[in-house]
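In what follows, a structure is listed as structure tokens, so that the remarks can point back to it.
Readers should treat all values here as calculations from the given coordinates under stated rules, not as data from a laboratory. From a predicted model like this one, the values you see are computed outputs, not experimental measurements. Reconstructed Cβ throughout: ideal geometry from the backbone, glycine too, with neighbour counts over all protein chains shown.
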Amino acid sequence: MKRILFALLLIQLSGCDTLDLVPVSQRSVEGFYRTPTQLNQAIMGCYNGLRNALVSQQYSYMLTESRSDNTFQSLDYNDGNITRFSETSFLPVLYTAWSNSYNKIQRCNKVLEELPNVSLSEDLARQYEGEAKFIRALLYFDMVRFWGGVPVVTTSLTIAEGYAVSRNSVDEVYQQIEKDLADAAQLLPASYDNANRGRATRWAAKGFLGKVLVYQSGYPLNKNRWNEAAGFLKEVIDSGQFEFFESYAAIFRHQNEWGRQSVFSLAFKSGAEGEGNSFPTRNAPNFISRTEVPFGGSPYQLFLSAGLLESFEPGDLRKDAAITSQWTHTSGEIIKTMPFSRKYLDGPVAAANDWDINWIALRYDDVLMLYAESLNEIGYDGNGEAFSILNRIRHRAGLKPKTAVEVSSQQAYRLWMESERRWEFCFENQRWFDLVRTDRALEVMTAFLKGYGLEAAMQSRDRYYYPIPQSAIDINSKLIQNPGYE
């Protein structure tokens, strides 16, 4: 996959920048989609767009991890406003996220439109359709969690059409995501050869479909889709294609980047015109010794909250695997007051922000824990599989198992799951989304912000979503602003 991905990437498939708020067709590419090779290049462009949206762009963590109680940024960067809940519709990172997302969605739409015009084998045509729908679903999955209802656009638009789109409801966006993933699960192959590894499989589609159904069962839709979610997640578990790593730290090592702990990963390669992974650099302190982090860290690093550090149970192996508590300044001083995330800080690196290590977009552990959560929502069982799964997670972390005596109800299990997911997936851009879907964000973040004198900042559940970027509204007045930001 890496060989294909980085030889053919960076084909521009979208319209001019001023129209990025919605997908707009680009007449200059009309002659491009004619051969199987060109179509494969276009699919690689879709994967590149997904990597960009979920990892490479700074908004991928600014709008997720920086929003949660895992971090706190006091300076006036974009994520400084986000972490203090003081953002407005004029915040630049919001328009970047909005326009980039639709830019990448347009790539998928264009592939799907041109697919019938290219002579392909039936299997390859099905695969390309499944890949484009899978990627489009993941892009919309982030958008609906950032802004709530957004315009659902599944075709290329003319300029006039782009100015006229309006917002769909949250339910309608999820319906499109679910449809795309369900289609992908039917269209995609179960596996690929090594030359094509990293492409989406039917298991990746089913895993994300299960996750999307979990989210629909939570805030704001509160649909009871737990049985369906459990069914898809169980299919992934029963497939035998994936592995529970007995070492937590090993999940994020370069030597295991194609390991079976990953249901779906985004491929990165250093030394290939900016196609490396920026995640390890941006989490490290700006003035860290080059002997500890080659080429140093970033001024935009995630600053970890004391609340997260203090929340780990004594002896939890995940803490040291995920966090570096002590490091050396370029001056030689030993710093003990600025811990940072060390996840994925491994493997070849060609320059700052240019690491050769994949990003796991869906971990097998996530599938297991979402399945356990679904089982608990279907019915609490103090001796059931939901307990076994979380205790397996705890055993790997070096912690004692919990029993029904300690976790004696469905609600108690929910809070246990919330804590385990915080520790398990810290710095993987999940904590904020978890708090919102369980409708715990208002309570948790109000208490967290109180420690900084900002308890009034988390005004209501309106803050579960970001404001629609003002520049998008200025271009298209049909884009009605989210409540609380007028």
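Computed from backbone phi, the HN-Hα couplings of the stretch 288-301 come to 6, 4, 5, 6, 9, 9, x, 6, x, x, 9, x, 9, 4 Hz, rounded to whole numbers (Karplus: 6.51 cos²θ - 1.76 cosθ + 1.60, θ = phi - 60°; Gly and Pro given as x). Hey, which aspartates and glutamates would be in cross-link range of LYS336, C-alpha to C-alpha under 17 Å, not counting anything within fewer than 8 residues on its own chain? Those aspartates and glutamates meeting the cut-off are GLU292, GLU310, ASP320. Taking amide H as placed 1.01 Å from N in the peptide plane, ASN277 has its amide H under 5 Å from the amide H of LYS269, TRP355, ASP356, ILE357, each at least 5 places away in sequence or on another chain. Taking the DSSP bridge list for the chain and keeping only pairs wholly inside it, about 100 percent are antiparallel. Amide H contacts for LEU362 (H built 1.01 Å from N in the peptide plane; partners 5 or more residues away or on another chain; cut-off under 5 Å): VAL263, PHE264.
Shape index of the stretch 58-173: Rg/Rh, with Rg the Cα radius of gyration and Rh the Kirkwood radius from the inverse mean 1/r over Cα pairs, equals 1.07. The helix-only estimate of mean residue ellipticity at 222 nm for the chain, built from DSSP H runs of length n ≥ 4 each weighted as -39500 (n - 2.57), is -13500 deg cm²/dmol after division by the residue total.
Under conditions of 37 °C and 0.692 mPa s, the chain yields 142 µm² s⁻¹ as its translational diffusion coefficient, taking Rh as the Kirkwood radius over Cα pairs in the Stokes-Einstein equation. Highest-first packing order for the peptide set 268-280, 156-168 is 268-280, 156-168, based on the mean count of other beta carbon atoms within 10 Å.
Running Debye on the stretch 349-455 with equal point scatterers at the Cα sites and no solvent, what base-10 log of I(q)/I(0) appears at q = 0.11, 0.14, 0.20, 0.22 Å⁻¹? The computed values of log10 I(q)/I(0) come out as -0.44, -0.66, -1.08, -1.21. Judged by the mean number of other Cβ atoms found within 10 Å, the most tightly packed of the peptides 255-262, 130-137 leads the ranking 130-137, 255-262.
By the rule of a C-alpha distance below 12 Å, with chain neighbours fewer than 8 residues away ignored, the aspartates and glutamates paired with LYS133 are GLU113, GLU178, ASP180, ASP183.
By the rule of a C-alpha distance below 22 Å, with chain neighbours fewer than 8 residues away ignored, the lysines paired with LYS269 are LYS2, LYS104, LYS343. When the charge dipole of the stretch 279-357 is built from unit charges on Cβ atoms (+1 for Lys and Arg, -1 for Asp and Glu) and taken about the Cα centre, the candidate among PHE287, LEU309, SER325 whose Cα reaches farthest toward its positive end is PHE287. Distance distribution note for the stretch 42-91: the fraction of Cα pairs above 18 angstrom is 39%.
Each pair of Cα atoms in the stretch 115-224 enters the Kirkwood radius, and Stokes-Einstein at 10 °C and 1.306 mPa s then converts it into a translational diffusion coefficient of 105 µm²/s. Each peptide among 347-356, 443-452 gets the average number of other Cβ atoms lying within 10 Å of its residues, and from highest to lowest they stand as 347-356, 443-452. Dividing the mean sequence gap of close Cα pairs (under 8 Å, 6+ apart) by how many residues the chain holds gives a relative contact order of 18 percent.
Each eigenvalue of the Cα gyration tensor of the stretch 173-237, multiplied by 5 and square-rooted, gives one semi-axis; in descending order these are 24, 12, 8 Å. Note down the Stokes-Einstein diffusion coefficient of the stretch 279-357 in µm²/s, whole number, using a Kirkwood radius over alpha carbon pairs, 25 °C, and 0.890 mPa s. Taking Rh from Cα pairs, D becomes 189 µm²/s. Note: the stretch 328-404, Cα convex hull, 161 Å³ per residue.
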